[in-house]
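One structure below.
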Amino acid sequence: MLRGPMTSLDVLNFYRTMSEIGVDVCIDGGWGVDALLGKQTRSHIDLDITIQQRYVASLREALLARGYREVRLEDARPWNFVLGDESGKEIDVHVVVLDENGNGVYGRTARLRKGKCIQRHR
């Protein structure tokens, strides 16, 4: 399947949908840069987002209802996965857990204990 492109209208519709269902989303990657610049600087094949772990189920449910499915990738992890639709649009999801200071902890170092983030140190 051919990928993308992810248009500005796609990004706005996605963001509006997430806002309507109460999912806080941080746009990052290329679209995040363009948002900061206030203009689209290039074509984008996907949308990179960061969300808190507590929103993952709601995000998946909303996107599944809109025809998105998990894109099978060898390097997919619970904290980083891609959802795509039949037209090739993809959303690259980065999942964080907030620590006691409100910092987003990403990846395998984040784990929860009784609803609070505990960081493992290596």
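Which of the residues belonging to the range 39-59 are within 18 Å of M6 (Cβ to Cβ) and of a type outside the set (S, T, N, Q)? Talk me through it step by step, then tell me what you get.
Filtering the range 39-59 down to residues within 18 Å of M6 (Cβ to Cβ) leaves 39-51, 59.
Across the range 39-59, the qualifying residues are K39, R42, H44, I45, D46, L47, D48, I49, I51, L59.
Just to verify a result, which residue in the range 42-82, among those that are among the polar types (S, T, N, Q), at pLDDT below 95 and not in a strand (DSSP E or B), is surrounded by the fewest Cβ atoms within 10 Å (Cβ to Cβ)?
The qualifying residue surrounded by the fewest Cβ atoms within 10 Å (Cβ to Cβ) is S43.
Can you name every residue in the range 69-109 that is among the charged types (D, E, K, R) and within 21 Å of S8 (Cβ to Cβ)? It would help to see each step written out before you state the result.
Of the residues in the range 69-109, the ones among the charged types (D, E, K, R) are 69-70, 72, 74-75, 77, 85-86, 89-90, 92, 99-100, 108.
Hits for the range 69-109 are D85, E86, K89, E90, D92.
Please work out which residue is modelled with the lowest pLDDT, limiting yourself to the range 83-122 and to residues that are under 15 Å from the mean Cα position of the chain (by Cα) and outside any strand (DSSP E or B).
Going through the qualifying residues, I end up with G107.
Return a yes/no flag: does the range 37-50 have any residue that is more than 12 Å from the chain's Cα centre (by Cα) and closer than 21 Å to D24 by Cα. Can you show your working first?
Narrowing the range 37-50 to residues more than 12 Å from the chain's Cα centre (by Cα): 37-45.
Add one more test, that the residue is closer than 21 Å to D24 by Cα, and what stays is 38.
Looking for residues that are more than 12 Å from the chain's Cα centre (by Cα) and closer than 21 Å to D24 by Cα, one finds at least one in the range 37-50, hence yes.
The values are calculated or read from the model by the stated rules, or taken from the named source; none is laboratory data. Treat the numbers as computed from the prediction; the structure is a model and nothing was measured. Cβ atoms come from the backbone with ideal geometry, glycine included; neighbour counts cover every protein chain shown.
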